[in-house]
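Working notes, beginning with the structure itself.
A short reminder: the numbers here are calculations on the coordinates, not readings from a lab. Computed from a predicted model, the values in this text were never measured in an experiment. Every residue, glycine among them, receives a Cβ derived from its backbone with ideal geometry; neighbour counts consider all protein chains shown.
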Ligand code: AMP
């Protein structure tokens, strides 16, 4: 696996090694099996896969979150090598932000109105800035994004369509631990009792989804019930539970099983913020 540390090395790798179809998986490192499933999906669809590892400061709205972000670079490189990944791009801030550490501005046409957009101002601008910079430098044929960050996936699709980037966006299903907890780099920061409590997030949401009768309840009542059940778990404090249209990401006022709809949740578990989402219909 090629370790690429500069724009010059990247350009050289592309001109010498680039094969027909190049898949790209952007990550912030601290890789777990969820990330690796994206790499495997890319490998199944491409001739070559490049992964980036870069903790992007502009998408963190809390400095303590950025400072606490785990770094397991050696293990990450070992895991990618073992998978047979072709290249890993390890840029620094200067390469990605040559004009200074600031985000571009975007019009996400309302996709950022709720959920992570409401709770984390500047997060999606930061993310879209770095992802489009990666597209400019790497020029992949497609890029893989996890449904774990469903709003991010929707926003990237919108940016790609609006700015006419010649990159196909490929979604990847959420990878979960055996007890249902969505895999996340943040899970390693949970204390052992918090880790047990965190498994209840999926248990609560999936049981509520299974029991949902859309003719007998409103989204608001459903959200309230889920939030109360989540808040009853000792380490958990709910930030939001929202039922949103899967295309527009606008909160739904009534259920329509004919329209793809998802339930999204963000909670604080001890000191760690966790998100998850599931399809309703
Ligand atoms: P991150 O390193 O957290 O920025 O994540 C990099 C990519 O991996 C994003 O596209 C995430 O949506 C995806 N990802 C993270 N966790 C999971 C998971 N549990 N299942 C599927 N994809 C994931």
Next item on the list: Only helical DSSP H runs with n ≥ 4 go in: add -39500 (n - 2.57) per run for the chain, normalise by residue count and round the 222 nm mean residue ellipticity to 500 deg cm²/dmol.
Entry: -12000 deg cm²/dmol
Margin query: If neighbour count is taken as other Cβ atoms inside 10 Å, put 217, 58, 210 in order from fewest to most.
Written below: 210, 217, 58
Item checked: Kirkwood Rh in Å, taken over the chain so that all alpha-carbon pairs contribute -> 19.8 Å
Notebook entry, point to check: What full-extension length gain, to one decimal in nm, is calculated for residue 44 and residue 253 as 0.36 nm per residue of separation minus the Cα-Cα distance?
Noted result: 71.3 nm
Notebook entry, point to check: If you take every DSSP beta bridge whose two residues both sit in the chain, what share of them, in percent to the nearest 5, is antiparallel?
Noted result: 50 percent
Check: Kirkwood hydrodynamic radius of region 185-279 from all distinct Cα pairs, in Å?
Finding: 13.7 Å
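Given an 8 Å cut-off on Cα distances and at least 6 residues of separation, report the relative contact order of region 74-161 as a percent.
29 percent
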Next item on the list: Calculate how steeply helix 150-162 sits against the longest principal axis of the alpha-carbon atoms of the chain, using the helix alpha-carbon long axis, and give the answer as 0 to 90 degrees to the nearest 10.
Entry: 50 degrees
Item checked: Relative contact order %, region 2-172, counting alpha carbon pairs below 8 Å whose residues are six or more apart -> 28 percent
Item checked: Using alpha-carbon coordinates, inclination of helix 7-17 to the longest axis of the chain, degrees -> 80 degrees
Notebook entry, point to check: Helix 192-211 sits at what angle to the longest principal axis of the chain, using alpha carbons and giving 0 to 90 degrees rounded to 10?
Noted result: 70 degrees
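Is region 1-144 best put as rounded, prolate or oblate by its Cα gyration tensor, with a ≥ b ≥ c the root eigenvalues, rounded for a/c under 1.5, and otherwise prolate when a/b is larger than b/c, oblate when not?
prolate
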Note to self: Whole angstrom only: what separates the Cα centroid of region 81-139 from the Cα centroid of region 15-72?
What the structure shows: 11 Å
Check: What is the spread of the Cα atoms of region 130-250 along each of their three principal axes, largest first, in whole Å?
Finding: 47, 39, 22
Checklist line | Candidates 203, 118, 182, ranked by Gaussian network fluctuation over the chain, Cα under 10 Å, top entry | finding: 118
